[in-house]
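The next block holds one structure in the form of C-alpha coordinates; read it before the comments.
The values are calculated or read from the model by the stated rules, or taken from the named source; none is laboratory data. Predicted, not measured: the structure shown is a model, and the values here were computed from it. Don't worry about glycine lacking a Cβ; one is built from the backbone with ideal geometry, like all the others, and counts go over all protein chains shown.
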Amino acid sequence: MPVIQEISSDGKHVLINIKGRFDYKVSQDFRDAYRNISAHDSVTYHVNLSETDFMDSSALGMLLLLREHAKCRSGKVIISCPSQEVDKILRVANFEQLFEIVITPLVTVGGGYEHSSRA
Amino acid sequence: MSIPAGHDSIELNSASQRGCVLVVETDAALRNELDSQLGALGFNTLLAGSGAEAVTLYDQNPVDMVIMDYVTPGTSARNMIEHIKADKDDQYVPVLFMVAQAHEDILQECMAAGGDDFILKPFTPAILNIRLANLEQVRDLRNLYDDMLHEQTVASHILTAALSARGAVVHDMQVMSKSADIFSGDLVLTARNPDGDLLVLLADFTGHGLTAAIGVLPVADVFSAMAEKGFNPQQILNNIHQKLLTLLPTGMFMAACLVKINKDLKHASIWNGGIPEVLLLDNRLGKIKYRIPSSHLPLGISCSADRSFVMEKIEINAGDQFIMYSDGLTDATNPDGAMFGTSRLDLLIEDSASNQRVFTAIVDAFELFCDDENPADDVTLVNIPCNSSTMLPPRSLQDVIHE
(Lines give C-alpha, C1' and ligand atoms only; values in the text may rest on other atoms or scores of the structure.)
Protein backbone atom coordinates (compact mmCIF):
# COMPACT_ATOMS: atom_id res chain seq x y z
CA MET A 1 0.00 0.00 0.00
CA PRO A 2 1.51 3.32 -1.03
CA VAL A 3 -0.68 5.27 1.42
CA ILE A 4 -0.58 4.19 5.06
CA GLN A 5 -2.66 5.83 7.74
CA GLU A 6 -2.31 5.72 11.51
CA ILE A 7 -4.39 7.41 14.16
CA SER A 8 -2.94 8.25 17.54
CA SER A 9 -4.62 6.64 20.54
CA ASP A 10 -5.92 10.01 21.75
CA GLY A 11 -7.50 10.47 18.30
CA LYS A 12 -6.00 13.93 17.85
CA HIS A 13 -3.31 13.05 15.35
CA VAL A 14 -3.64 11.39 11.98
CA LEU A 15 -0.46 10.24 10.31
CA ILE A 16 -0.52 9.78 6.55
CA ASN A 17 2.55 8.13 5.11
CA ILE A 18 3.10 8.09 1.33
CA LYS A 19 5.56 5.63 -0.11
CA GLY A 20 7.04 6.00 -3.60
CA ARG A 21 5.21 8.20 -6.10
CA PHE A 22 2.68 10.70 -4.75
CA ASP A 23 0.58 11.28 -7.86
CA TYR A 24 -2.98 11.11 -9.22
CA LYS A 25 -2.96 7.30 -8.89
CA VAL A 26 -3.12 7.50 -5.09
CA SER A 27 -5.78 10.23 -4.92
CA GLN A 28 -8.53 7.86 -3.77
CA ASP A 29 -6.33 6.25 -1.08
CA PHE A 30 -5.13 9.64 0.09
CA ARG A 31 -8.69 10.95 0.39
CA ASP A 32 -9.79 7.83 2.26
CA ALA A 33 -6.89 8.28 4.67
CA TYR A 34 -8.48 11.41 6.15
CA ARG A 35 -12.15 11.12 5.26
CA ASN A 36 -12.95 7.65 6.50
CA ILE A 37 -12.20 8.35 10.12
CA SER A 38 -14.57 9.18 12.95
CA ALA A 39 -15.07 12.93 13.05
CA HIS A 40 -12.82 14.56 15.59
CA ASP A 41 -12.32 18.30 15.75
CA SER A 42 -8.93 19.99 16.00
CA VAL A 43 -7.11 17.05 14.48
CA THR A 44 -3.53 17.52 13.32
CA TYR A 45 -2.82 15.75 10.06
CA HIS A 46 0.82 14.80 9.60
CA VAL A 47 1.69 14.06 6.00
CA ASN A 48 4.94 12.15 6.14
CA LEU A 49 6.85 12.44 2.88
CA SER A 50 10.09 10.84 4.05
CA GLU A 51 9.51 7.84 1.80
CA THR A 52 8.04 9.81 -1.10
CA ASP A 53 10.32 10.10 -4.10
CA PHE A 54 8.14 12.03 -6.52
CA MET A 55 5.17 14.35 -6.36
CA ASP A 56 3.12 15.74 -9.25
CA SER A 57 0.77 18.70 -9.40
CA SER A 58 -2.26 16.56 -8.58
CA ALA A 59 -0.50 15.60 -5.33
CA LEU A 60 -0.20 19.31 -4.53
CA GLY A 61 -3.92 19.51 -5.27
CA MET A 62 -4.59 16.67 -2.83
CA LEU A 63 -2.70 18.56 -0.12
CA LEU A 64 -4.92 21.58 -0.78
CA LEU A 65 -8.01 19.41 -0.38
CA LEU A 66 -6.69 18.05 2.91
CA ARG A 67 -5.93 21.61 4.02
CA GLU A 68 -9.52 22.60 3.34
CA HIS A 69 -10.81 19.50 5.12
CA ALA A 70 -8.70 20.28 8.18
CA LYS A 71 -9.59 23.97 8.15
CA CYS A 72 -13.32 23.21 8.18
CA ARG A 73 -12.77 21.16 11.35
CA SER A 74 -10.40 23.62 13.01
CA GLY A 75 -7.53 21.21 12.49
CA LYS A 76 -4.20 21.68 10.79
CA VAL A 77 -1.82 20.00 8.38
CA ILE A 78 1.91 19.46 8.91
CA ILE A 79 4.07 18.17 6.10
CA SER A 80 7.13 16.35 7.38
CA CYS A 81 10.48 15.15 6.10
CA PRO A 82 10.26 15.80 2.37
CA SER A 83 13.27 14.48 0.45
CA GLN A 84 15.36 17.04 -1.42
CA GLU A 85 13.56 16.24 -4.66
CA VAL A 86 10.07 16.53 -3.15
CA ASP A 87 11.02 19.62 -1.17
CA LYS A 88 11.99 21.29 -4.44
CA ILE A 89 8.53 20.62 -5.85
CA LEU A 90 6.91 22.09 -2.72
CA ARG A 91 9.19 25.16 -2.91
CA VAL A 92 8.49 25.81 -6.61
CA ALA A 93 4.78 25.90 -5.73
CA ASN A 94 5.63 28.05 -2.65
CA PHE A 95 3.56 25.73 -0.50
CA GLU A 96 5.50 26.82 2.58
CA GLN A 97 3.14 29.81 2.48
CA LEU A 98 0.21 27.45 3.05
CA PHE A 99 1.63 24.60 5.09
CA GLU A 100 3.93 24.06 8.00
CA ILE A 101 6.78 22.02 6.55
CA VAL A 102 9.11 20.39 9.08
CA ILE A 103 12.28 18.43 8.51
CA THR A 104 12.32 16.57 11.83
CA PRO A 105 10.95 13.04 12.03
CA LEU A 106 7.77 12.18 13.91
CA VAL A 107 8.00 10.34 17.22
CA THR A 108 5.27 8.85 19.36
CA VAL A 109 4.80 10.71 22.62
CA GLY A 110 2.13 9.55 25.04
CA GLY A 111 -1.03 9.07 23.02
CA GLY A 112 0.02 11.29 20.12
CA TYR A 113 2.86 12.34 17.86
CA GLU A 114 5.49 14.98 18.15
CA HIS A 115 8.28 16.13 15.91
CA SER A 116 11.51 15.14 17.56
CA SER A 117 13.98 17.87 18.35
CA ARG A 118 16.61 16.07 16.31
CA ALA A 119 17.01 17.47 12.84
CA MET B 1 -36.71 -24.82 -36.32
CA SER B 2 -34.48 -25.79 -39.21
CA ILE B 3 -32.90 -23.07 -41.27
CA PRO B 4 -30.45 -23.83 -44.05
CA ALA B 5 -27.11 -22.04 -43.96
CA GLY B 6 -26.65 -19.35 -46.57
CA HIS B 7 -27.86 -15.97 -47.74
CA ASP B 8 -31.52 -16.73 -47.44
CA SER B 9 -31.11 -18.05 -43.94
CA ILE B 10 -31.47 -14.71 -42.24
CA GLU B 11 -33.96 -15.09 -39.46
CA LEU B 12 -35.13 -11.77 -38.13
CA ASN B 13 -37.03 -11.94 -34.93
CA SER B 14 -38.76 -8.61 -34.44
CA ALA B 15 -38.76 -9.07 -30.65
CA SER B 16 -34.93 -9.20 -30.58
CA GLN B 17 -33.28 -6.43 -28.61
CA ARG B 18 -29.69 -7.50 -28.30
CA GLY B 19 -28.54 -7.11 -31.88
CA CYS B 20 -27.36 -9.60 -34.42
CA VAL B 21 -25.06 -12.58 -33.80
CA LEU B 22 -23.28 -14.27 -36.67
CA VAL B 23 -22.99 -18.00 -35.94
CA VAL B 24 -20.22 -19.90 -37.73
CA GLU B 25 -20.62 -23.65 -37.17
CA THR B 26 -20.14 -26.53 -39.61
CA ASP B 27 -22.48 -28.93 -37.83
CA ALA B 28 -26.01 -28.13 -39.03
CA ALA B 29 -27.70 -29.57 -35.96
CA LEU B 30 -25.53 -27.56 -33.58
CA ARG B 31 -26.00 -24.48 -35.71
CA ASN B 32 -29.76 -24.75 -35.49
CA GLU B 33 -29.67 -25.42 -31.77
CA LEU B 34 -27.59 -22.28 -31.29
CA ASP B 35 -30.02 -20.39 -33.46
CA SER B 36 -32.97 -21.19 -31.24
CA GLN B 37 -30.96 -20.59 -28.04
CA LEU B 38 -29.86 -17.18 -29.26
CA GLY B 39 -33.38 -16.33 -30.38
CA ALA B 40 -34.64 -17.14 -26.89
CA LEU B 41 -31.93 -14.91 -25.40
CA GLY B 42 -33.14 -11.99 -27.52
CA PHE B 43 -30.67 -12.00 -30.41
CA ASN B 44 -31.14 -11.95 -34.15
CA THR B 45 -28.98 -14.52 -35.90
CA LEU B 46 -27.13 -15.04 -39.13
CA LEU B 47 -26.10 -18.65 -39.74
CA ALA B 48 -23.01 -19.71 -41.67
CA GLY B 49 -21.66 -23.21 -42.29
CA SER B 50 -18.18 -22.13 -43.37
CA GLY B 51 -15.71 -19.30 -43.01
CA ALA B 52 -16.28 -18.13 -46.59
CA GLU B 53 -20.02 -18.04 -46.06
CA ALA B 54 -19.52 -16.13 -42.82
CA VAL B 55 -17.41 -13.48 -44.55
CA THR B 56 -20.11 -12.95 -47.20
CA LEU B 57 -22.85 -12.70 -44.58
CA TYR B 58 -20.72 -10.40 -42.47
CA ASP B 59 -20.12 -8.04 -45.39
CA GLN B 60 -23.79 -7.85 -46.28
CA ASN B 61 -25.37 -7.44 -42.86
CA PRO B 62 -24.88 -5.40 -39.71
CA VAL B 63 -23.31 -7.81 -37.21
CA ASP B 64 -22.85 -7.07 -33.51
CA MET B 65 -21.10 -10.24 -32.36
CA VAL B 66 -19.62 -13.40 -33.81
CA ILE B 67 -19.76 -16.91 -32.32
CA MET B 68 -17.57 -19.35 -34.18
CA ASP B 69 -16.39 -22.89 -33.86
CA TYR B 70 -12.67 -23.14 -33.34
CA VAL B 71 -12.30 -25.53 -36.28
CA THR B 72 -14.04 -23.88 -39.19
CA PRO B 73 -13.07 -25.07 -42.66
CA GLY B 74 -12.70 -22.76 -45.62
CA THR B 75 -11.34 -19.40 -44.67
CA SER B 76 -9.13 -19.99 -41.67
CA ALA B 77 -10.27 -18.60 -38.37
CA ARG B 78 -7.42 -16.14 -38.35
CA ASN B 79 -8.32 -14.68 -41.75
CA MET B 80 -11.97 -14.54 -40.83
CA ILE B 81 -11.28 -12.56 -37.68
CA GLU B 82 -8.78 -10.30 -39.37
CA HIS B 83 -11.52 -9.48 -41.84
CA ILE B 84 -14.01 -8.73 -39.08
CA LYS B 85 -11.66 -6.65 -36.96
CA ALA B 86 -10.47 -4.60 -39.93
CA ASP B 87 -13.94 -3.67 -41.05
CA LYS B 88 -17.11 -1.91 -39.93
CA ASP B 89 -15.94 1.68 -39.50
CA ASP B 90 -13.85 0.75 -36.46
CA GLN B 91 -16.86 -0.68 -34.69
CA TYR B 92 -15.81 -3.23 -32.13
CA VAL B 93 -17.32 -6.65 -32.94
CA PRO B 94 -16.51 -9.22 -30.23
CA VAL B 95 -15.67 -12.77 -31.30
CA LEU B 96 -16.53 -15.74 -29.06
CA PHE B 97 -14.82 -19.04 -29.89
CA MET B 98 -16.46 -22.37 -29.18
CA VAL B 99 -13.85 -24.98 -28.30
CA ALA B 100 -14.19 -28.70 -27.67
CA GLN B 101 -11.20 -28.84 -25.35
CA ALA B 102 -9.76 -26.26 -23.02
CA HIS B 103 -6.20 -26.99 -24.10
CA GLU B 104 -3.89 -24.09 -23.42
CA ASP B 105 -2.47 -24.24 -26.95
CA ILE B 106 -5.92 -24.02 -28.50
CA LEU B 107 -7.03 -21.19 -26.23
CA GLN B 108 -3.86 -19.24 -26.83
CA GLU B 109 -4.34 -19.63 -30.55
CA CYS B 110 -7.93 -18.37 -30.27
CA MET B 111 -6.78 -15.24 -28.44
CA ALA B 112 -3.81 -14.74 -30.74
CA ALA B 113 -6.17 -14.94 -33.71
CA GLY B 114 -8.08 -11.98 -32.24
CA GLY B 115 -10.81 -13.81 -30.35
CA ASP B 116 -12.23 -12.00 -27.33
CA ASP B 117 -13.34 -15.00 -25.27
CA PHE B 118 -14.01 -18.73 -25.51
CA ILE B 119 -16.71 -21.10 -24.37
CA LEU B 120 -16.22 -24.80 -23.75
CA LYS B 121 -18.57 -27.19 -25.58
CA PRO B 122 -21.06 -28.40 -24.60
CA PHE B 123 -22.66 -25.44 -22.86
CA THR B 124 -26.08 -24.55 -21.50
CA PRO B 125 -28.04 -21.47 -22.64
CA ALA B 126 -27.40 -19.90 -19.21
CA ILE B 127 -23.62 -20.16 -19.59
CA LEU B 128 -23.80 -18.86 -23.16
CA ASN B 129 -25.82 -15.92 -21.91
CA ILE B 130 -23.25 -15.03 -19.25
CA ARG B 131 -20.45 -15.08 -21.81
CA LEU B 132 -22.41 -12.96 -24.28
CA ALA B 133 -23.49 -10.48 -21.62
CA ASN B 134 -19.84 -9.94 -20.65
CA LEU B 135 -18.88 -9.36 -24.27
CA GLU B 136 -21.78 -6.94 -24.67
CA GLN B 137 -20.48 -4.94 -21.72
CA VAL B 138 -16.99 -4.81 -23.16
CA ARG B 139 -18.38 -3.80 -26.54
CA ASP B 140 -20.53 -1.04 -25.06
CA LEU B 141 -17.59 0.34 -23.07
CA ARG B 142 -15.36 0.22 -26.12
CA ASN B 143 -17.94 2.09 -28.18
CA LEU B 144 -18.39 4.69 -25.44
CA TYR B 145 -14.64 5.14 -25.23
CA ASP B 146 -14.34 5.55 -29.00
CA ASP B 147 -17.13 8.13 -29.00
CA MET B 148 -15.41 10.01 -26.18
CA LEU B 149 -12.07 10.03 -28.00
CA HIS B 150 -13.77 11.31 -31.13
CA GLU B 151 -15.58 14.07 -29.24
CA GLN B 152 -12.40 15.11 -27.45
CA THR B 153 -10.45 15.27 -30.69
CA VAL B 154 -13.06 17.56 -32.24
CA ALA B 155 -13.26 19.71 -29.10
CA SER B 156 -9.47 19.94 -28.95
CA HIS B 157 -9.37 21.24 -32.54
CA ILE B 158 -11.95 23.90 -31.71
CA LEU B 159 -10.00 24.92 -28.61
CA THR B 160 -6.71 25.16 -30.51
CA ALA B 161 -8.36 27.27 -33.21
CA ALA B 162 -9.97 29.55 -30.61
CA LEU B 163 -6.63 30.04 -28.83
CA SER B 164 -4.53 30.72 -31.92
CA ALA B 165 -7.05 33.33 -33.07
CA ARG B 166 -6.42 35.27 -29.84
CA GLY B 167 -2.63 35.31 -29.61
CA ALA B 168 -0.34 37.98 -30.98
CA VAL B 169 1.96 36.66 -33.68
CA VAL B 170 5.55 36.81 -32.46
CA HIS B 171 8.25 36.51 -35.03
CA ASP B 172 11.22 34.35 -33.94
CA MET B 173 9.48 32.92 -30.87
CA GLN B 174 9.68 29.12 -30.70
CA VAL B 175 7.34 26.79 -28.84
CA MET B 176 7.51 23.05 -28.33
CA SER B 177 4.36 21.52 -26.87
CA LYS B 178 3.58 17.88 -26.28
CA SER B 179 0.48 16.77 -24.51
CA ALA B 180 0.07 13.64 -22.43
CA ASP B 181 -3.54 13.45 -23.58
CA ILE B 182 -5.71 14.77 -26.41
CA PHE B 183 -6.13 17.96 -24.41
CA SER B 184 -3.22 19.88 -22.98
CA GLY B 185 -3.32 21.60 -19.61
CA ASP B 186 -0.30 23.68 -20.62
CA LEU B 187 -0.88 26.99 -22.27
CA VAL B 188 1.26 29.62 -23.99
CA LEU B 189 -0.36 33.00 -24.64
CA THR B 190 1.07 36.07 -26.32
CA ALA B 191 -0.19 39.63 -26.51
CA ARG B 192 1.05 43.13 -27.31
CA ASN B 193 -0.07 46.08 -25.25
CA PRO B 194 -0.80 49.50 -26.81
CA ASP B 195 2.81 50.62 -26.02
CA GLY B 196 4.16 47.78 -28.17
CA ASP B 197 5.53 45.72 -25.24
CA LEU B 198 5.36 41.96 -25.59
CA LEU B 199 3.60 39.83 -22.97
CA VAL B 200 4.04 36.06 -22.84
CA LEU B 201 2.19 33.85 -20.37
CA LEU B 202 3.15 30.22 -19.75
CA ALA B 203 0.55 28.38 -17.68
CA ASP B 204 0.28 24.82 -16.40
CA PHE B 205 -2.98 23.55 -14.95
CA THR B 206 -3.06 20.77 -12.33
CA GLY B 207 -3.06 17.33 -13.90
CA HIS B 208 -3.58 16.83 -17.62
CA GLY B 209 -6.31 15.96 -20.09
CA LEU B 210 -9.76 17.49 -20.34
CA THR B 211 -10.06 18.46 -16.66
CA ALA B 212 -6.80 20.37 -16.91
CA ALA B 213 -7.74 22.06 -20.18
CA ILE B 214 -11.12 23.30 -19.01
CA GLY B 215 -9.77 26.57 -17.64
CA VAL B 216 -7.67 27.40 -20.67
CA LEU B 217 -10.24 29.40 -22.61
CA PRO B 218 -11.41 31.76 -19.85
CA VAL B 219 -7.77 32.50 -18.96
CA ALA B 220 -6.97 33.27 -22.60
CA ASP B 221 -9.97 35.58 -22.77
CA VAL B 222 -8.97 37.62 -19.74
CA PHE B 223 -5.32 37.75 -20.78
CA SER B 224 -5.86 38.91 -24.37
CA ALA B 225 -8.61 41.39 -23.63
CA MET B 226 -6.79 43.06 -20.74
CA ALA B 227 -3.35 43.15 -22.38
CA GLU B 228 -4.66 44.70 -25.56
CA LYS B 229 -6.50 47.36 -23.55
CA GLY B 230 -3.27 48.29 -21.81
CA PHE B 231 -3.88 46.96 -18.31
CA ASN B 232 -0.65 46.34 -16.44
CA PRO B 233 0.57 42.79 -15.71
CA GLN B 234 -0.38 42.97 -12.01
CA GLN B 235 -3.97 43.75 -12.92
CA ILE B 236 -4.04 40.99 -15.52
CA LEU B 237 -2.64 38.38 -13.11
CA ASN B 238 -5.03 39.46 -10.38
CA ASN B 239 -8.01 39.17 -12.70
CA ILE B 240 -6.97 35.73 -13.93
CA HIS B 241 -6.52 34.67 -10.30
CA GLN B 242 -9.98 35.92 -9.33
CA LYS B 243 -11.52 34.21 -12.34
CA LEU B 244 -9.83 30.90 -11.47
CA LEU B 245 -10.96 31.15 -7.84
CA THR B 246 -14.56 31.17 -9.03
CA LEU B 247 -14.03 28.49 -11.70
CA LEU B 248 -11.73 25.87 -10.23
CA PRO B 249 -12.56 23.49 -7.38
CA THR B 250 -10.16 23.26 -4.42
CA GLY B 251 -7.28 21.04 -5.44
CA MET B 252 -7.03 22.50 -8.93
CA PHE B 253 -4.88 25.50 -9.71
CA MET B 254 -2.78 27.07 -12.43
CA ALA B 255 0.97 27.53 -12.16
CA ALA B 256 1.86 30.51 -14.29
CA CYS B 257 4.69 32.72 -15.38
CA LEU B 258 4.27 36.06 -17.09
CA VAL B 259 7.12 37.77 -18.92
CA LYS B 260 6.85 41.30 -20.24
CA ILE B 261 9.54 42.50 -22.61
CA ASN B 262 9.58 46.25 -23.07
CA LYS B 263 9.66 47.62 -26.58
CA ASP B 264 13.00 49.36 -25.91
CA LEU B 265 14.63 45.91 -25.38
CA LYS B 266 16.33 47.27 -22.26
CA HIS B 267 13.88 46.18 -19.60
CA ALA B 268 11.79 43.16 -18.86
CA SER B 269 9.62 42.17 -15.93
CA ILE B 270 8.61 38.77 -14.66
CA TRP B 271 6.19 37.13 -12.29
CA ASN B 272 6.62 33.44 -11.55
CA GLY B 273 4.09 31.47 -9.51
CA GLY B 274 4.79 27.74 -9.57
CA ILE B 275 6.66 27.43 -12.88
CA PRO B 276 10.28 26.16 -12.90
CA GLU B 277 13.03 28.79 -13.07
CA VAL B 278 12.78 31.09 -16.07
CA LEU B 279 16.19 31.59 -17.64
CA LEU B 280 17.61 34.65 -19.33
CA LEU B 281 20.53 33.83 -21.61
CA ASP B 282 23.24 36.17 -22.72
CA ASN B 283 24.04 34.90 -26.17
CA ARG B 284 27.21 36.97 -26.60
CA LEU B 285 28.75 35.34 -23.55
CA GLY B 286 26.97 32.04 -24.11
CA LYS B 287 25.84 32.00 -20.49
CA ILE B 288 22.78 31.91 -18.29
CA LYS B 289 22.74 35.47 -17.04
CA TYR B 290 19.70 35.42 -14.79
CA ARG B 291 17.45 32.84 -13.18
CA ILE B 292 13.97 33.79 -12.07
CA PRO B 293 12.68 31.14 -9.66
CA SER B 294 9.07 30.80 -8.63
CA SER B 295 8.47 33.09 -5.67
CA HIS B 296 4.68 33.07 -5.57
CA LEU B 297 1.86 30.60 -5.07
CA PRO B 298 0.22 29.41 -8.30
CA LEU B 299 -2.98 31.16 -9.38
CA GLY B 300 -6.41 29.94 -8.33
CA ILE B 301 -5.45 28.86 -4.81
CA SER B 302 -7.50 30.51 -2.14
CA CYS B 303 -5.32 31.90 0.59
CA SER B 304 -6.12 34.22 3.44
CA ALA B 305 -2.87 36.18 2.97
CA ASP B 306 -2.74 39.00 0.44
CA ARG B 307 -1.53 37.84 -2.93
CA SER B 308 1.22 39.85 -4.55
CA PHE B 309 1.32 40.19 -8.30
CA VAL B 310 4.19 42.65 -8.40
CA MET B 311 6.53 41.89 -11.29
CA GLU B 312 10.27 41.60 -10.77
CA LYS B 313 12.11 44.03 -13.04
CA ILE B 314 15.36 43.07 -14.75
CA GLU B 315 17.64 44.71 -17.28
CA ILE B 316 18.13 43.01 -20.60
CA ASN B 317 20.18 43.59 -23.73
CA ALA B 318 19.11 43.18 -27.31
CA GLY B 319 20.10 39.64 -28.30
CA ASP B 320 19.34 38.07 -24.92
CA GLN B 321 16.85 35.26 -24.85
CA PHE B 322 14.25 33.96 -22.41
CA ILE B 323 13.75 30.22 -21.90
CA MET B 324 10.60 29.10 -20.10
CA TYR B 325 9.35 25.56 -19.63
CA SER B 326 6.73 23.59 -17.76
CA ASP B 327 7.80 20.94 -15.23
CA GLY B 328 6.67 18.23 -17.67
CA LEU B 329 9.98 18.82 -19.48
CA THR B 330 12.35 18.17 -16.59
CA ASP B 331 10.09 15.57 -14.92
CA ALA B 332 9.83 13.48 -18.10
CA THR B 333 11.22 9.97 -17.66
CA ASN B 334 12.81 7.77 -20.30
CA PRO B 335 11.99 4.07 -20.76
CA ASP B 336 14.69 3.27 -18.16
CA GLY B 337 12.92 5.42 -15.56
CA ALA B 338 15.55 8.20 -15.48
CA MET B 339 14.40 11.83 -15.33
CA PHE B 340 15.36 14.45 -17.92
CA GLY B 341 16.17 16.73 -15.00
CA THR B 342 17.38 20.29 -14.57
CA SER B 343 21.11 19.55 -14.59
CA ARG B 344 20.86 17.97 -18.05
CA LEU B 345 18.94 21.04 -19.19
CA ASP B 346 21.53 23.45 -17.75
CA LEU B 347 24.34 21.57 -19.49
CA LEU B 348 22.52 21.64 -22.82
CA ILE B 349 21.97 25.37 -22.49
CA GLU B 350 25.56 26.17 -21.52
CA ASP B 351 26.81 24.05 -24.43
CA SER B 352 24.64 25.62 -27.07
CA ALA B 353 24.07 29.18 -25.87
CA SER B 354 27.03 30.63 -27.76
CA ASN B 355 25.91 29.33 -31.13
CA GLN B 356 22.30 30.40 -30.53
CA ARG B 357 20.88 26.94 -31.07
CA VAL B 358 19.56 26.45 -27.54
CA PHE B 359 15.97 25.72 -28.46
CA THR B 360 16.83 23.18 -31.16
CA ALA B 361 19.45 21.57 -28.91
CA ILE B 362 16.92 21.06 -26.10
CA VAL B 363 14.19 19.79 -28.44
CA ASP B 364 16.57 17.32 -30.12
CA ALA B 365 17.95 16.07 -26.80
CA PHE B 366 14.44 15.71 -25.38
CA GLU B 367 13.18 13.71 -28.37
CA LEU B 368 16.19 11.44 -28.14
CA PHE B 369 15.74 11.05 -24.39
CA CYS B 370 12.04 10.13 -24.54
CA ASP B 371 12.59 7.70 -27.40
CA ASP B 372 9.02 7.98 -28.76
CA GLU B 373 7.48 7.40 -25.33
CA ASN B 374 4.40 9.53 -24.73
CA PRO B 375 5.07 12.07 -21.96
CA ALA B 376 3.33 11.43 -18.61
CA ASP B 377 2.58 15.12 -18.22
CA ASP B 378 2.12 17.98 -20.68
CA VAL B 379 5.45 19.40 -21.85
CA THR B 380 6.04 22.96 -23.00
CA LEU B 381 9.24 24.78 -23.89
CA VAL B 382 9.26 28.40 -24.99
CA ASN B 383 12.11 30.41 -26.43
CA ILE B 384 11.70 34.18 -26.74
CA PRO B 385 14.62 35.98 -28.37
CA CYS B 386 14.78 39.65 -27.34
CA ASN B 387 15.57 41.23 -30.68
CA SER B 388 14.06 43.86 -32.91
CA SER B 389 12.14 41.39 -35.05
CA THR B 390 10.48 39.86 -31.96
CA MET B 391 9.17 43.30 -31.15
CA LEU B 392 7.94 44.03 -34.64
CA PRO B 393 4.30 43.70 -35.61
CA PRO B 394 3.48 40.30 -37.15
CA ARG B 395 5.18 39.35 -40.38
CA SER B 396 5.19 35.57 -40.33
CA LEU B 397 3.62 32.79 -38.32
CA GLN B 398 5.33 31.76 -35.15
CA ASP B 399 7.40 28.65 -35.40
CA VAL B 400 5.32 26.07 -33.66
CA ILE B 401 6.35 22.48 -33.34
CA HIS B 402 3.17 20.78 -32.30
CA GLU B 403 2.77 17.10 -31.72
When you look at residue B:227, is it surrounded by 15 or more Cβ atoms within 10 Å (Cβ to Cβ), in a strand (DSSP E or B) and on the phi < 0 side of the Ramachandran plot, yes or no? no
Restricted to region A:33-74, and to residues that are touching a residue at least 12 places away in the same chain (Cβ under 8 Å) and charged (D, E, K, R), which residue is farthest from residue B:326 (Cα to Cα)? A:41
Kindly provide the set of residues from region A:34-60 that are surrounded by fewer than 16 Cβ atoms within 10 Å (Cβ to Cβ) and within 14 Å of another protein chain (Cβ to nearest Cβ), ordered by number. A:35, A:53
For region B:326-337, which positions are free of Cβ contacts under 8 Å to residues at least 60 places away in the same chain and either in contact with a Lys or Arg (Cβ under 9 Å, 6 or more places away or on another chain) or within 14 Å of chain A (Cβ to nearest Cβ) (or both)? B:329, B:330, B:331, B:332, B:333, B:337
Residue check: is residue B:132 at pLDDT 85 or above, in contact with a Gly (Cβ under 8 Å, 6 or more places away or on another chain) and not assigned by TED's automatic domain parsing to the domain that holds residue B:192? no
The lone exception for residue B:254 - which of (1) within 14 Å of chain A (Cβ to nearest Cβ); (2) surrounded by fewer than 21 Cβ atoms within 10 Å (Cβ to Cβ); (3) out of contact with any Asp or Glu (no Cβ under 6 Å at 6 or more places or on another chain) it fails: (2)
Restricting attention to helices (runs of 4 or more DSSP H) lying wholly within region B:67-186, give those where 1 or more residues are of a type in the set (Val, Ile, Thr) and farther than 23 Å from residue B:18 by Cα. B:104-112, B:125-166
Just one of (1) more than 10 Å from chain B (Cβ to nearest Cβ); (2) under 14 Å from the mean Cα position of the chain (by Cα); (3) not charged (D, E, K, R) trips up residue A:63, so point out which. (1)
The condition from (1) under 21 Å from residue B:305 (Cβ atoms); (2) modelled with pLDDT under 95 that residue A:63 misses is numbered (2)
From the residues in region B:261-300 that are out of contact with any Lys or Arg (no Cβ under 9 Å at 6 or more places or on another chain) and among the β-branched types (Val, Ile, Thr), which one is farthest from residue B:340 (Cα to Cα)? B:261
So in region B:165-207, with the set limited to residues that are farther than 21 Å from residue B:262 by Cα and out of contact with any helix residue (DSSP H, G or I) (no Cβ under 8 Å at 6 or more places or on another chain), which one is nearest to the other protein chains (Cβ to nearest Cβ)? B:179
From the set of residues in region B:208-221 that are more than 21 Å from residue B:374 (Cβ to Cβ) and buried (at least 20 other Cβ atoms within 10 Å of the Cβ), which is farthest from the other protein chains (Cβ to nearest Cβ)? B:220
How many residues are under 16 Å from residue B:279 (Cβ atoms), among the charged types (D, E, K, R) and more than 18 Å from the chain's Cα centre (by Cα) when one looks only at region B:326-381? 5
Kindly provide the set of residues from region B:286-311 that are more than 9 Å from every other protein chain (Cβ to nearest Cβ) and small (Gly, Ala, Ser), ordered by number. B:286, B:300, B:304, B:308
Look at region B:345-361 and say how many of its residues are within 12 Å of residue B:174 (Cβ to Cβ) and either assigned to a loop (DSSP other than H, G, I, E, B) or in contact (Cβ under 8 Å) with a residue 40 or more places away in the chain (or both). 4
